[in-house]
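S.K.: One structure follows; several queries about it will come next.
The values are calculated or read from the model by the stated rules, or taken from the named source; none is laboratory data. The model shown is predicted, which means the values in this text are computed figures rather than measured ones. Methodologically, a virtual Cβ is constructed for each residue, glycine included, from the backbone with ideal geometry; neighbour enumeration extends over all protein chains shown. In case anyone asks, the SASA skips ligands and DNA or RNA and just uses the protein heavy atoms, side chains included. Shrake-Rupley method; radii C 1.70, N 1.55, O 1.52, S 1.80 Å.
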Amino acid sequence: MKKTAIVLASLALTACGESGPDFDVGVRGDAAAIKQELAQIAGSTSGIGGVAPIALSSEGDSLVFTVPAKDGYDPGRIKMDFSQGEGITKVAVTVDMPMVPMGDNMVLSEEKVEFELRKALKIWGSKYGDFGMAASRDTLEANVAAVAIAAQGADTGSLFYTGGTSDWAAGSTSDWDGASYDDGTGWGADSGADDYYADDGGWGAGS
């Protein structure tokens, strides 16, 4: 599948700092079971050579995905909180991403990461409500893998599939090209040049 490449070409972010949930999605089912399923997306980079793996940890009842970033930048962070309602679990998500350069005058945009994660989580949540553990996590895993690739400023031309859970098993690095990665139509947001280098929200080099 080529989902990871497609997602990477659709995101653009601006760092705004972690101050609380950025969005939440309701999923039919038990909170503990849903948490267990979503924990598995941490393995989305396990089959991609050239990309440092995402780390999974817990903060109380929350899941925290720590995304390694390019040298000189703080790691990204995706936190998921789970609250059980009557037949519905609310998954509240907080996203913090470094403003890593993505081509000429472009930086990784937190806003679009949030948008794409919310969309992917809603897709999975709808399927989980109908099929439970049989619901595919492909879209979510491709999304998270793309975030990791962008945050690390990985050379997309040198990435390769090593086996594991990644959707790269059916894909090819030839799908990754400079235009889709940094032409401004995807994850990269205008850096604003002076604004970016003067203030990167505490995520950039020298922070």
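S.K.: Among the residues of region 83-126, which ones are open to solvent by 20 Å² or more (accessible area, probe 1.4 Å), farther than 24 Å from Glu59 by Cβ and more than 14 Å from the chain's Cα centre (by Cα)?
M.R.: Glu86, Gly87, Pro101, Gly103, Asp104, Asn105, Met106, Ile123, Ser126 - these are the residues of region 83-126 that are open to solvent by 20 Å² or more (accessible area, probe 1.4 Å), farther than 24 Å from Glu59 by Cβ and more than 14 Å from the chain's Cα centre (by Cα).
S.K.: Inspect all residues belonging to region 24-45 and state whether any of them is out of contact with any Pro (no Cβ under 6 Å at 6 or more places or on another chain), crowded, with 16+ Cβ neighbours inside 10 Å and closer than 21 Å to Gly153 by Cβ.
M.R.: Checking region 24-45: at least one residue is out of contact with any Pro (no Cβ under 6 Å at 6 or more places or on another chain), crowded, with 16+ Cβ neighbours inside 10 Å and closer than 21 Å to Gly153 by Cβ.
S.K.: Then there is this: Quick check on region 68-82: of everything there that is within 15 Å of the chain's Cα centre (by Cα) and outside any loop (DSSP other than H, G, I, E, B), which residue is surrounded by the fewest Cβ atoms within 10 Å (Cβ to Cβ)?
M.R.: Result: Arg77.
S.K.: Being of a type in the set (A, V, I, L, M) and part of a helix (DSSP H, G or I) is the filter; apply it to region 34-48 and report the residue that is nearest to Thr89 (Cα to Cα).
M.R.: The qualifying residue nearest to Thr89 (Cα to Cα) is Ile34.
S.K.: Of all residues in region 133-154, count the ones that are farther than 17 Å from Met99 by Cα and open to solvent by 30 Å² or more (accessible area, probe 1.4 Å).
M.R.: Of the residues in that region, 6 qualify.
S.K.: Based on this model, can you work out whether Phe65 counts as open to solvent by 10 Å² or more (accessible area, probe 1.4 Å) and either without any contact (Cβ under 8 Å) to a residue 12 or more places away in the chain or not in a helix (DSSP H, G or I) (or both)?
M.R.: Here the answer is no, as Phe65 does not meet what is asked.
S.K.: Does Leu8 satisfy the condition of being among the aliphatic types (A, V, I, L, M) and at pLDDT 90 or above?
M.R.: no
S.K.: For Ala205, all conditions in the list (1) buried (at least 23 other Cβ atoms within 10 Å of the Cβ); (2) in contact with a Gly (Cβ under 6 Å, 6 or more places away or on another chain); (3) hydrophobic (A, V, I, L, M, F, W, C); (4) at pLDDT below 55 hold save one; what is the number of the exception?
M.R.: Failing condition for Ala205: (1).
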